[in-house]
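Every read-out reported here was derived from the displayed coordinates using simple, explicitly stated rules and does not represent laboratory data. Everything numeric here is computed off the predicted structure, so don't read it as measured data. Cβ coordinates were reconstructed from backbone atoms using ideal geometry, including for glycine residues, and neighbour counts include every protein chain displayed.
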Amino acid sequence: MSINTAIADRARANEALTAAELDELATADILSLGMLADEVRRARVGDVVTFVRVGASGAGAGEAGEVRMTSLPETLAATVAAVAQAKAATGGSALSGFSLADIIDRGWGDLAGVLKQLKQAGLGAIVEAPLDRLSNPEAALQACQDAGITVQSLSLQKPNAEGRTPMLMQARALAARFPWLTTIAPLPREQSIAVPTTGYDDVRAVALARLALPGVPNVQVDWTQYGPKLAQVALTFGANDLDRVSVTDDETLGRRRTSLEDVTRNIVAAGFQPRERSARA
Amino acid sequence: MDLKAFEQRIESGSRLNVDEALQLYRHAPTYWLGRMADGVRRRKHPAGVVTYIIDRNVNYTNVCVARCNFCAFYREVGHSEGYVLGFDEIYQKIEETKALGGGQLLLQGGHNPDLPLAWYEDLFRGVKARFPDFKLHALSPPEVLHISRMSKLPVPEVIQRLIASGLDSVPGGGAEILVDRVRKLLNCYAKASADEWLGVMRDAHQAGLRTTATMMYGTVETDEERLEHMLRLRDLQDHTGGFTAFITWSYQPEHTERGGREATGIEYLRTLAIARLVLDNFDNLQASWVTQGGKVGQLSLAFGANDMGSVMIEENVVRAAGAVYCMDEVEIVRNAEDAGFAAKRRNMHYEILGDPFFRAHHVPRTLELSTAREAGDTSEPVELVNYPARSAAGKRQRSQPPASPVA
Ligand code: SF4
């Protein structure tokens, strides 16, 4: 089905599309949807694609735009200590870490207080707030705001095509309430090996995120998780930011560990200008 | 560039010349190319069907004297990792393929100097004696040429003898880029020049066989040379009409002598789309999910492809060069249907065989493709002693008594 022109015009004018309009766009043919998302993206954020090189703390960390902690220790005291230790080894790069949902699930008490402690230990930002794992995202983000710590992206833990429109509507409301939320990562963090999301699913999710969220400038794809091919194609469906480009260039670790040359080559080949960025904090 | 004028010409079925194709390939927006290619695909396949084949991709030997510098699969004659599959191993693979609903082997291998024509004839006859309806889509043009050179028989005679033994169709491998400048740089000119590759295909078509055609891009060729490749195929297809399908994929550089970087996903989709526009006399274009992954493989269906290729079951060549994607029948069908198509099984002639096999039979899921053999198994099949070896290493090996099995 081709795109309803009235809906397309409203998207071009940066108007807030209704849930019914987003549902209708989701049924449009994939190329028409991609073209519209690409047009809207170019009008909103131009033809630059930003990317961040993410490393682990320790040797070589200084090259990374961001050093990221992923596994969350069991106790708050251990986490505070681990953050302080990682901060000391960042080589000057910003330190980010963790999923907001994981921190809440630990049940360490008053969330804003916990986040303040992590910030004081040196954590510059929480990596993500997976909307489908937060029972009260507004309260959780309010706690972040109260603690003075940012969340780098609104994300999605599990694939859920049926729940996509409500999630986008929720993301739009949250971005209006918390203007420091500037990035959405619409592709799920978890994939089933037996039944992964399809290419169509992924680029449709990216395009709809771009069209649904006029107030969120960055639509992000995880370069390491999704691989250069899908990530590159996603750029032409409205994405403008690549997260988690590996800082190392060690090909023996597998074909998805990609060098700086490869990420810039993929961005240019998709018709965009690459720009390396530092951490969002 | 007047895209509107191109649009009208493509929609009216006018043929693109090389300059026009080059202009579009280099400068047309990716979405425009996709829409045009998708339009041509719709006109050729209006029923909204995406086809696929259940067959097994078997590489009967990895021993090869050609030494193409883009290849990570081959082993030199006498190499400790060199292997030749035994007839019984191949029959076993056919049994397994049939159990998964397959009806064909895609059988290709290295240019092994120690396998004479009689070995191929005996193998094919053995397959047909045991599995009369099972199809052999076997021996790409450079392999046919290799057998012709080894046996000192002209290509048409080799083809006739192979047909008489059971050959059903010829895969379009070994084409790389059909331009001799490129072939020399890739060290694959000696195995088959562009004219020789096309000549074998002409002979095969004249002998009544249908074949596929391929293109591996992303090494040293220019855009012009990619299009020259397509135009040479288009010319032959005008004369013989023998090609059933075109399959393109990007060079996989890992573990190869040539090295370098793989072309990007967007480049693949653009190449596929321009092929759909240029190859107006080819009905079928396959998606190369084995090199691009399932996701970009599925997106190929919006850029001109109408076929998801093969379930494969087994893969050795692309895996050796670093790509490890797997799609079983369930995944291929799910991807085709998710893209809005009806998924149908086909044979090599693109005749529809029916609905997905797994829907009517219990078939276990396959999340990883098999390999020719277990890693490290280089055991020598017993029947090889019946065939004279040409190489010194082969002669030495065949003069030794077979190793007794370990108790
Ligand atoms: S591509 Fe084929 S002919 Fe060339 S080296 Fe590899 S196995 Fe041999």
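Values as computed for the structure displayed
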| read-out | value |
| --- | --- |
| Neighbour cut-off at most 14 other Cβ (10 Å), DSSP loop, GluC sites (Glu not before Pro), the stretch B:276-365 | B:GLU351 |
| Residue-averaged beta-carbon neighbours from other chains (10 angstrom radius) around A:202-209 | 1 |
| The protein assembly as shown - charge dipole about Cα centre, Lys and Arg +1 at Cβ, Asp and Glu -1, debye rounded to 20 | 380 |
| Karplus-derived 3J(HN,Hα), 6.51/-1.76/1.60, for each residue of the stretch B:375-381, Hz, glycine and proline x | 4, x, 7, 10, 4, 8, x |
| Other protein chain Cβ atoms within 10 Å, averaged over every residue that makes up B:21-31 | 2 |
| Listed residues B:HIS361, B:VAL317, A:THR90: farthest to the positive end of the dipole of the protein assembly as shown (Cβ charges) | A:THR90 |
| Computed Kirkwood radius, in angstrom, where 1/r is averaged over Cα pairs of chain B | 21.7 |
| In the stretch B:51-110, the GluC sites (Glu not before Pro) that fall in loop regions by DSSP, at most 13 other Cβ within 10 Å | B:GLU81 |
| Burial ranking of peptide ranges A:102-114, A:144-156, B:370-382 (average Cβ count within 10 Å, highest at the top) | A:144-156, A:102-114, B:370-382 |
| B:VAL385/B:VAL18 FRET efficiency (R0 60 Å; Cβ-Cβ; nearest 0.05) | 0.70 |
| Inter-centroid distance (Cα atoms) of the stretch B:11-50 relative to the stretch B:300-325, Å | 22 |
| Separation in nanometres of the label points that stand 7 Å from Cα toward Cβ, at B:ILE163 and A:VAL48 | 6.4 |
| Most positive-pole-ward Cα, B:GLN292, B:ALA192, B:PRO156, against dipole of chain B from beta carbon charges | B:PRO156 |
| Rounded to the nearest 20 debye, dipole of chain B from Cβ charges on Lys, Arg, Asp, Glu | 300 |
| Helix axis angle, A:137-147 relative to chain A longest principal axis, alpha carbon, degrees | 40 |
| Chain B, relative contact order [Cα under 8 Å, separation at least 6], % | 23 |
| Ellipsoid equivalent to the stretch A:136-210 - semi-axes via the Cα gyration tensor, in Å | 25, 13, 10 |
| Cβ crowding within 10 Å averaged over residues, with B:148-154, A:214-220 ranked highest first | A:214-220, B:148-154 |
| Convex hull volume per residue in cubic angstrom - Cα atoms of the stretch A:88-193 | 119 |
| Cα Rg, Dmax (largest Cα-Cα span) when computed across the protein assembly as shown, Å | 27.5, 85 |
| Cysteines having no other Cys beta carbon under 4.7 Å from their own, within the protein assembly as shown | A:CYS144, B:CYS64, B:CYS326 |
| Mean residue ellipticity (222 nm) of chain B, computed from DSSP H runs ≥ 4 via -39,500 (n - 2.57), nearest 500 | -12500 deg cm²/dmol |
| Sparsely packed trypsin sites (Lys or Arg not before Pro) within the stretch B:1-93, loop by DSSP, other Cβ within 10 Å at most 14 | B:ARG15 |
| Contact order relative to length of chain A, as percent, for alpha carbon pairs under 8 angstrom and 6 or more apart | 24 |
| Degrees, to the nearest 10: A:199-212 long Cα axis against longest axis of chain A | 90 |
| With Cα atoms, 0 to 90° folded angle of helix A:76-88 axis to chain A main axis | 90 |
| Alpha-carbon centroid distance for the pair the stretch A:144-164 / the stretch B:225-280, whole angstrom | 42 |
| Karplus-derived HN-Hα couplings along the stretch A:178-191 (A = 6.51, B = -1.76, C = 1.60, θ = phi - 60°), whole Hz, x at Gly and Pro | 10, x, 6, 7, 10, 9, 10, 10, x, 8, x, 6, 10, 10 |
| Helix-only [θ]222 nm of chain A, DSSP H runs n ≥ 4, -39500 (n - 2.57) each, per residue, nearest 500 | -13500 deg cm²/dmol |
| Furthest towards positive pole of dipole, B:LEU123, B:GLY166, B:ALA72, structure part the stretch B:17-378, Cβ charges | B:GLY166 |
